[in-house]
1. Scan the stretch 72-100 for residues that are part of a helix (DSSP H, G or I), surrounded by 13 or more Cβ atoms within 10 Å (Cβ to Cβ) and free of Cβ contacts under 8 Å to residues at least 60 places away in the same chain and jot them down.
2. Within the stretch 33-71, can you find the residues that are part of a helix (DSSP H, G or I), over 30 Å from Ile176 (Cβ atoms) and touching a Ser or Thr at 6+ places or on another chain (Cβ under 8 Å)?
3. Given the criteria surrounded by 14 or more Cβ atoms within 10 Å (Cβ to Cβ), assigned by TED's automatic domain parsing to the domain that holds Leu241 and not aromatic (Phe, Trp, Tyr), does Gln68 qualify?
4. Out of (1) under 19 Å from the mean Cα position of the chain (by Cα); (2) under 30 Å from Gln133 (Cα atoms); (3) modelled with pLDDT of 80 or more, the odd one out for Arg147 is which?
5. Mind telling me which of the residues Ser216, Ser207, Ser238 ends up being modelled with pLDDT of 85 or more and in a helix (DSSP H, G or I)?
6. Counting only residues that are under 32 Å from the mean Cα position of the chain (by Cα) and of a type in the set (Lys, Arg), which one in the stretch 40-80 is modelled with the lowest pLDDT?
7. Could you please give the count of residues in the stretch 154-196 that are exposed (fewer than 12 other Cβ atoms within 10 Å of the Cβ), under 20 Å from Lys127 (Cα atoms) and under 23 Å from the mean Cα position of the chain (by Cα)?
Amino acid sequence: MAKDPKKYKRKKKLGSYHYVSVIFSAALALFVIGLFGTLILQANKLTSIIKQNIELQVYLNKDISNSQRSRIEREIASSDYILLTNGKAEMTFISKEEAAQQFVEDTGEDFTEFLGDNPLRDALTIKINESHQSNDDLETIKSQIQRISGVFEVTYVKNLADSINDNLAKLSLLLIGIATVLVIVVLLLINNAIKLALFSQRFLIRSMQLVGAKSSFIRMPFLKRSLLHGALAGLIASGLLYGLKQFANGQVKGLEQLQQQELVIALYGLLIALGAIIAYFSTLRAMNKYLKMSLDELY
């Protein structure tokens, strides 16, 4: 009875190797990079939110008229140091009556009962954009506003901006350092996974050389497959990140506010491109190595 030829070991095809393990290893490595990239994006968004809360309190003279207050608001709103949101200056007017009411709500004590008068002043709360948040800039802004007619006093929490900037700078350096180490580790992992996978093809590569095939002809199938497998690994990593993001959003309230959809999509595209590029050059490096090996070294 004739034996089924399919039961025998199949002939190896040029450019083929155990790609499942390579894709799996690369996807996990890229997932770690993507996860850390997501953390960096959210940290940057959180940094921006923190900086948007740096404020100046502008107290006005007690006898100021509505027209004078409007003039002060217009002058401050037209300055380059004020934070703009959708083209609108981030400035809030708080009357002395509102301030007194808020004080009563916070403390439970009505100071007007024993003082007989409200000593508080009308005030403007203005937010400063990120380019003018150093202590020197805030002092300059304070001096400029205090020179405006009708302004009694300008106050802010000194050293807060510099403290925030210093801490955020240290955090950024730490994140960049960790990201650099992660990228190097990922490069090594993917490179070693591909090199081990191609190890099984070393004799097929030598056979092609012996029949006169050019190195470029031998490399081409491997390089084409490496691009496909690397991109697929990046796609899988992006899918895992998306699933994790959706799960985290459902578990952590307010987390979506730290996510910028355009940057997240760009990160996914970067992972796919990074996977393809790393796989391509790792394959090219391994192929050049095996093409230059002698027969004794192949064993």
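The values are calculated or read from the model by the stated rules, or taken from the named source; none is laboratory data. All values reported here derive from a predicted model rather than from experimental measurement. Positions of Cβ are generated from backbone atoms using ideal geometry, with glycine treated the same way; all protein chains shown enter the neighbour counts.
1. At the first step, the residues of the stretch 72-100 found to be part of a helix (DSSP H, G or I) are 72-77, 96-100.
With the extra rule that they be surrounded by 13 or more Cβ atoms within 10 Å (Cβ to Cβ), the set shrinks to 72-73, 75-77, 96, 98-100.
Across the stretch 72-100, the qualifying residues are Glu73, Ala77, Lys96, Glu98, Ala99, Ala100.
2. Going residue by residue through the stretch 33-71, those that are part of a helix (DSSP H, G or I) are 33-51, 66-71.
Narrowing the set further to residues that are over 30 Å from Ile176 (Cβ atoms) leaves 66-71.
The one that is part of a helix (DSSP H, G or I), over 30 Å from Ile176 (Cβ atoms) and touching a Ser or Thr at 6+ places or on another chain (Cβ under 8 Å): Gln68.
3. Details: surrounded by 14 or more Cβ atoms within 10 Å (Cβ to Cβ): yes; assigned by TED's automatic domain parsing to the domain that holds Leu241: no; not aromatic (Phe, Trp, Tyr): yes.
For Gln68, the condition - surrounded by 14 or more Cβ atoms within 10 Å (Cβ to Cβ), assigned by TED's automatic domain parsing to the domain that holds Leu241 and not aromatic (Phe, Trp, Tyr) - is not met.
4. Result: Arg147 fails condition (1) only.
5. Numbers: Ser216 fails: modelled with pLDDT of 85 or more; Ser207 fails: modelled with pLDDT of 85 or more.
It is Ser238.
6. Per the criteria, the residue is Lys51.
7. 1
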